[in-house]
1. Just the residues that are surrounded by fewer than 19 Cβ atoms within 10 Å (Cβ to Cβ) and either touching a His at 6+ places or on another chain (Cβ under 7 Å) or of a type in the set (Phe, Trp, Tyr) (or both), please, taken from the stretch B:27-56.
2. Taking only the stretch B:14-26 into account, find how many residues are open to solvent by 40 Å² or more (accessible area, probe 1.4 Å), within 12 Å of chain A (Cβ to nearest Cβ) and either β-branched (Val, Ile, Thr) or in contact (Cβ under 8 Å) with a residue 60 or more places away in the chain (or both).
3. Among the residues of the stretch A:111-128, which ones are part of a helix (DSSP H, G or I) and farther than 21 Å from A:GLY157 by Cα?
4. Any idea which residue in the stretch A:55-85 is farthest from A:ALA100 (Cα to Cα), counting only those that are touching a residue at least 12 places away in the same chain (Cβ under 8 Å) and of a type in the set (D, E, K, R)?
5. Of all residues in the stretch A:176-206 being within 14 Å of chain B (Cβ to nearest Cβ) and part of a loop (DSSP other than H, G, I, E, B), which is least open to solvent (accessible area, probe 1.4 Å)?
6. Taking the options A:GLY3, A:GLY7, name whichever one is within 14 Å of chain B (Cβ to nearest Cβ), in contact with a Ser or Thr (Cβ under 7 Å, 6 or more places away or on another chain) and on the phi < 0 side of the Ramachandran plot.
7. Step by step: first the residues of the stretch B:93-110, then only those that are assigned to a loop (DSSP other than H, G, I, E, B) and out of contact with any strand residue (DSSP E or B) (no Cβ under 7 Å at 6 or more places or on another chain), then the one that is most open to solvent (accessible area, probe 1.4 Å). Which residue is that?
8. Could you please find all residues in the stretch A:133-160 being open to solvent by less than 40 Å² (accessible area, probe 1.4 Å) and aliphatic (A, V, I, L, M)?
Protein chains: 2
Amino acid sequence: MSGDAFGHLLDAIDKGRKGAVEIVERDDGLFFTGGGIDYMDPFRKWDPVERRALRFARGRVLDLGSGAGRVLIHLQERGYDAVGIESSPLIARVARRRGARNVRVMRVEEIDDRLGTFDTVVMYGNNFGMLGTVPKTRRLLRTLLGVTSDRARVLAGNTSPYPAKGARQRAYHARNRSRGKLAGTIRIRIRYREHVTPWLEWLFLSPRELEQLLVGTGWKLARLVQDESQRYVAVLEKT
Amino acid sequence: MSGDAFGHLLDAIDKGRKGAVEIVERDDGLFFTGGGIDYMDPFRKWDPVERRALRFARGRVLDLGSGAGRVLIHLQERGYDAVGIESSPLIARVARRRGARNVRVMRVEEIDDRLGTFDTVVMYGNNFGMLGTVPKTRRLLRTLLGVTSDRARVLAGNTSPYPAKGARQRAYHARNRSRGKLAGTIRIRIRYREHVTPWLEWLFLSPRELEQLLVGTGWKLARLVQDESQRYVAVLEKT
């Protein structure tokens, strides 16, 4: 028994265990499987938006929430000097087992200039929303100012929560708004076998909401990579 | 919102909905996906034991807990006069949509001679354990005596819970035993999206335990179809 249900899940997927499927429990009693991302997919199977936006990566790269190494290993194979940050020691082990060479076990809140300077920060797999709230995300962006070069870019991946699909989703959005949260905030925990994570918040926001969040952080929206889906990558540059 | 999570799941699978995966919650906090059975598989993909045991079907057939019609539709296509019993109206609709011609919405406890007389009773997909307790299962077997011909057979499908895999499973077995239940009893509920079934018990028992359960029911173990797996079909005949 451990709170690192997501780590045990990725470990099991990597070991090819049958029935290794992510179960997500939302705080209104909604259950669903799969986070919408195949955590170990090779580049050719990635979401088209993430693939296209990767052309904006350059220089030394920081992968925030590098997980099982999907993005990190690909960047490494393309010859980038890439460092992954991953809070779970178990997940970092999985990534290393899969070939990731440079994963640091730390929380994004612990990032400081001991990591050196980066030219690109990647937050794929909806990771731009991983801190769950606007203030925490803004704080992270300010932290990133200090560990990046003048010409740095953030590739901020997320999925717009609009339009809400169905009455239940609309009610969930309304509840968030009434609590002063962004409508697309979700409060979830991950379950796998006997493991369950603590409750955590994840942020889904529209490109417009993202642009508003940027004000005063030292970053601006330089380009938006999107298609007919609700997924997008916002390319941020320093103001 | 409805308690028929399993019905909504089968409906979604049949409609090809993405993410339509069975989530099973056990009462000790264990979560897993998939009941181990693909509810709509064609005959060629069935468990080998179930395929082999089907040769013992003959005459008029009653399929108990016919679900999405996996077994019922196959029997129908083979030319059997087959009737399915299914307690969920939604699941019965799914089965009919998939081509099942003779599904009755009723609980197995409601079976009586208005259904006519059967020569074979099929309980596949571990359905021999669906009533969850030894007394209820014995009562069902006695009911079946009255709606079956003298030469009738019951094809009782189940999976032995032994040997228990891992410490958690052994502890679960021990807890069951301490409560006077068969070790392989599981207390579960099914979740799908916002739907959740009531808690229900399901029985997994070894062929030996099954034979003991039969004593005094009017049925005996005539043949055991099994392989190297823990799945089996017990072919029961009248004593």
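1. Passing the criteria: B:PHE43, B:PHE56.
2. Within the stretch B:14-26, residues that are open to solvent by 40 Å² or more (accessible area, probe 1.4 Å), within 12 Å of chain A (Cβ to nearest Cβ) and either β-branched (Val, Ile, Thr) or in contact (Cβ under 8 Å) with a residue 60 or more places away in the chain (or both) number 1.
3. The answer is A:ASP113, A:ARG114, A:LEU115.
4. A:ARG58
5. Checked the stretch A:176-206; the qualifying residue least open to solvent (accessible area, probe 1.4 Å) is A:THR197.
6. Values: A:GLY7 fails: within 14 Å of chain B (Cβ to nearest Cβ).
So the residue among A:GLY3, A:GLY7 that is within 14 Å of chain B (Cβ to nearest Cβ), in contact with a Ser or Thr (Cβ under 7 Å, 6 or more places away or on another chain) and on the phi < 0 side of the Ramachandran plot is A:GLY3.
7. Kept after step one, since they are assigned to a loop (DSSP other than H, G, I, E, B), are these residues of the stretch B:93-110: B:98-102, B:106-107.
Subsequent filtering for residues that are out of contact with any strand residue (DSSP E or B) (no Cβ under 7 Å at 6 or more places or on another chain) retains B:98-99, B:101, B:107.
Numbers: B:ARG98: 71, B:GLY99: 32, B:ARG101: 181, B:ARG107: 123 Å².
Applying the filter and picking the extreme gives B:ARG101.
8. A:LEU140, A:LEU141, A:LEU144, A:VAL147, A:ALA152, A:VAL154, A:LEU155, A:ALA156, listed by residue number.
The values are calculated or read from the model by the stated rules, or taken from the named source; none is laboratory data. Keep in mind that what you see is a predicted model, and the values were worked out from it rather than measured. No Cβ is skipped: glycine too gets one built from the backbone with ideal geometry, and neighbour counts run over all protein chains shown. Heads up: the accessible areas ignore ligands, DNA and RNA and are worked out on the full protein's heavy atoms, side chains in. Shrake-Rupley method; radii C 1.70, N 1.55, O 1.52, S 1.80 Å.
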